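J.: Quick one: the structure is below, questions incoming.
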Amino acid sequence: MTTIYLKKNKEESLLRFHPWVFSGAIAHINGKPQEGEKVEVRSAEGQTLGIGHWQEGSIAVRILEFGTGTLPSDFWHQRLLNALQMRQSLGLISDENNSYRLIHGEGDFLPGLIIDIYGSTAVVQAHSAGMHLARHQIADALTRTVPNLSHVYYKSEGTLPFHNHLTDIKNEYLAGSPSSDSSHIATENGLHFSIDWFDGQKTGFFVDQRENRMLVERYSKNRDVLNMFCYTGGFSVYALRGGAKRVVSVDSSEKAVRLAEQNVLLNFPDCTNHETVCSDAFKYLDSLHADNDKFDLIILDPPAFAKHRGAIRNALQGYKRLNAKGFEKISKGGILFTFSCSQAIDKEMFRLAVFSAAAMSGRKVRILHQLTQPQDHPINIYHPEGEYLKGLVLYVE
Ligand code: SAH
């Protein structure tokens, strides 16, 4: 196996279980590793620090196991089982809730791997060459480990575009066949959602808002609700179950709006108080003029405005502008749910952007809840970069 030797004193972060080796920390390499190959990492003094996937780029090695140069033969099964057992012990998986994230990358000690479960189908996303090369072993371990799982769909065409060396990336079933995978309905807290893992964003659904959607349900009774950036209509369906007077779901994607409509009808076939609007968020908010065009509960859950650190400044301006519009369009005593899923923006920065928007509006604003990602998106304490979802629930007078 290829051995990577670190520069002197560069072993510190690995001894503290941070799973990334940056290329700048490498002194020399004993061998010629291929993209995605497993390599052993040693300190300058020759101490074995761990074994991980090699990749060309700034993060050169993603560690799979610390303190050893080999992996056990049942490694994949053991890792998946560990993740599954944690979720089972937390009471997350039941007939009422069969959609959840099984593997959240570093948070489940598998850097570069995302797996979401929708009923009897797993959707696997590789974000590293190593995970791509291991996809068949992962699929095999999945069907052996997760009860009642019959299909594994691999969806990494969009997450591995930067690797010239990997020519065999294609979205496909690794277990089960498309014809036998006809039910695309998953259940979340007793609500049903039709999930399009072929063409939908990411793995087809945003399971990370599950707990926050329940909070929306709690506050929706008799309120006029605006769900901006609705995508599959998750928040809308919960708001309707919570007894909202009216729900408006807005998204700039025609497909998203149709999905939202479909999911509302799946749960409430006779629903008459849900509307969808296909529009840019800012344009829609600007189009609300009259005083009676205000909402009692607004959800702002935009896509990541900052995809990397270089975009932080503009992203903060974007959050400020969007939230300022939210404060303008919310009625007295209204509740604003506002989110950011940009990993590069931490909660202090986000709160400052929302604070600036609140100050511009001149309204009295109190923080009721500070939200984050749920327990099936755990943050490895040694890898704080895994924290990405931030939300504030505000009472606006
Ligand atoms: N709230 C959703 C997830 C939102 S994902 C949920 O709970 O599942 C972000 C959504 O914003 C996507 O559906 C995307 O189509 C939409 N979007 C992106 N830019 C937009 C814009 N300028 N105006 C309105 N919608 C936009």
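J.: Just tell me which aspartates and glutamates come within less than 20 Å, Cα to Cα, of Lys32; anything on the same chain fewer than 8 places away is out.
T.: List returned: Glu40, Glu56.
J.: Counting only heavy atoms of the protein chains, get the accessible area per residue of the chain (1.4 Å probe) and round it to a whole Å² value.
T.: 44
J.: Further question: How many angstrom lie between the Cα centre of segment 311-381 and the Cα centre of segment 106-174?
T.: Here the answer is 32 Å between Cα centres.
J.: Taking 8 Å as the Cα distance limit and 6 or more residues as the minimum spacing, I'd like the relative contact order of the chain as a percentage.
T.: Reported relative contact order: 11 percent.
J.: Enumerate the lysines that Lys332 could reach by cross-link, defined here as Cα to Cα under 19 Å, with residues fewer than 8 away along the same chain left out.
T.: Within the straight-line cut-off, Lys332 pairs with Lys221, Lys245, Lys294, Lys364.
J.: Right, next: Net charge near Phe282, counting Lys/Arg +1 and Asp/Glu -1 over other residues with Cβ under 12 Å of its Cβ?
T.: +1
J.: Here's a follow-up. Tell me, what HN-Hα J-couplings in whole Hz come from the Karplus equation 6.51 cos²θ - 1.76 cosθ + 1.60 at θ = phi - 60° for each residue of segment 317-330, using x for Gly and Pro?
T.: These are the phi-based 3J(HN,Hα) values: 4, x, 4, 5, 5, 5, 5, 4, 5, x, 4, 5, 9, 9 Hz.
J.: Just to confirm the number: angle between the C-alpha axis of helix 254-267 and the first principal axis of the chain, 0 to 90 degrees, nearest 10?
T.: Helix 254-267 sits roughly 80 degrees off the main axis of the chain.
J.: At a threshold of 8 angstrom on Cα-Cα distance, excluding pairs fewer than six apart, so keeping six or more, what relative contact order does segment 346-397 reach in percent?
T.: 46
J.: Rounded to the nearest percent, how much of the accessible area of segment 178-300 (1.4 Å probe, protein heavy atoms only) is carbon and sulfur?
T.: 48
J.: Here's a follow-up. What residues have an amide H closer than 5 Å to that of Ala44, excluding those fewer than 5 places away on the same chain, when H is modeled at 1.01 Å from N in the peptide plane?
T.: Residues meeting the amide H criterion: Leu6, Asn9, Lys10.
J.: What lysines sit close enough to Lys155 to cross-link, taking a C-alpha to C-alpha distance under 16 Å and skipping anything fewer than 8 places away on the same chain?
T.: Output for Lys155: Lys170, Lys202.
J.: Go through 216-228, 232-244 and give me the packing order, highest mean Cβ count within 10 Å leading.
T.: Ranked by mean Cβ neighbours within 10 Å, highest first: 232-244, 216-228.
J.: Under the classification rounded if a/c is under 1.5, otherwise prolate if a/b is larger than b/c and oblate if not, where does segment 75-186 fall, given a ≥ b ≥ c as square roots of the Cα gyration tensor eigenvalues?
T.: Oblate shape, in that a/c is at least 1.5 and b/c is the bigger or equal ratio.
J.: Considering just Cα atoms, how many Å³ per residue does the convex hull of the chain enclose?
T.: Convex hull of Cα atoms, per residue: 144 Å³.
The values are calculated or read from the model by the stated rules, or taken from the named source; none is laboratory data. Model, not experiment: these values are computed from the prediction. Glycine also receives a Cβ, built like all others from the backbone with ideal geometry; neighbour counts cover every protein chain displayed. When the accessible area is computed, the model is the full protein with side chains, heavy atoms only, and any ligands, DNA or RNA have been set aside. Shrake-Rupley method; radii C 1.70, N 1.55, O 1.52, S 1.80 Å.
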